[in-house]
Amino acid sequence: VVDKVVCLALDPVYRSDGTRDEGRSHMWVDNEYIIDLRKELPERVLFGAAVHPYDLKFEDRVKKCIDEGAVLLKWLPSAQQINRCDSRVMKALRFLATACPGDKPLPLLLHNGPEYAIPTTDHRTKSYDYLCWSSWDNIVNFFRFGKK
């Protein structure tokens, strides 16, 4: 028996200038849809929010989602065309670390590895689904972990 389920929103692609680009998204699920669903079944539905880190209103939108009961934030790097090396991603992660009341973190559901369910519209972003290391990281990790 499942008592509760996290229903996940999915923000569309955002351009590098911080504007929404629904035309470059295969699909998206608006936060408002999940909020409305949660209102219909509050005892069963948990709100998994989605706010793209390139959005110029990222922090305000995340705060609104938290106020609406978000239990986590979701990113799907290739489908949303989120480059984790972008400085806005690090800024967003720092914000999420203390976004909830009492300076508590809002968990991030971050997909890694191949994504088959929601493909990217730009084949160049497929690599965004993988963690990458710089040459320096490779050297340091070799000495830390050897051949593991």
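Summary of values
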quantity: Residues of the stretch 107-130 satisfying the condition of being outside any loop (DSSP other than H, G, I, E, B) and not aromatic (Phe, Trp, Tyr); calculated: LEU108, LEU109, LEU110, HIS123, ARG124, THR125, LYS126, SER127, ASP129
quantity: Strands (runs of 3 or more DSSP E) within the stretch 1-91 that include 1 or more residues in contact with a strand residue (DSSP E or B) (Cβ under 9 Å, 6 or more places away or on another chain) and open to solvent by less than 20 Å² (accessible area, probe 1.4 Å); calculated: 45-49, 70-75
quantity: Flag if PRO114 is surrounded by fewer than 12 Cβ atoms within 10 Å (Cβ to Cβ) and under 16 Å from the mean Cα position of the chain (by Cα); calculated: yes
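Conditions (1) under 20 Å from LYS57 (Cβ atoms); (2) within 15 Å of the chain's Cα centre (by Cα); (3) charged (D, E, K, R); (4) at pLDDT below 75, marked per residue:
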residue	(1), (2), (3), (4)
LEU93	yes, yes, no, no
ASP122	no, no, yes, no
CYS132	no, no, no, yes
ASN138	no, no, no, yes
PHE142	no, no, no, yes
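The values are calculated or read from the model by the stated rules, or taken from the named source; none is laboratory data. None of these values were measured; they are calculated from a predicted model. Using ideal geometry, Cβ is built from the backbone for each residue, glycine included, and neighbour counts are taken over all protein chains shown. With ligands, DNA and RNA removed, areas are computed over all heavy atoms of the protein, side chains included. Shrake-Rupley method; radii C 1.70, N 1.55, O 1.52, S 1.80 Å.
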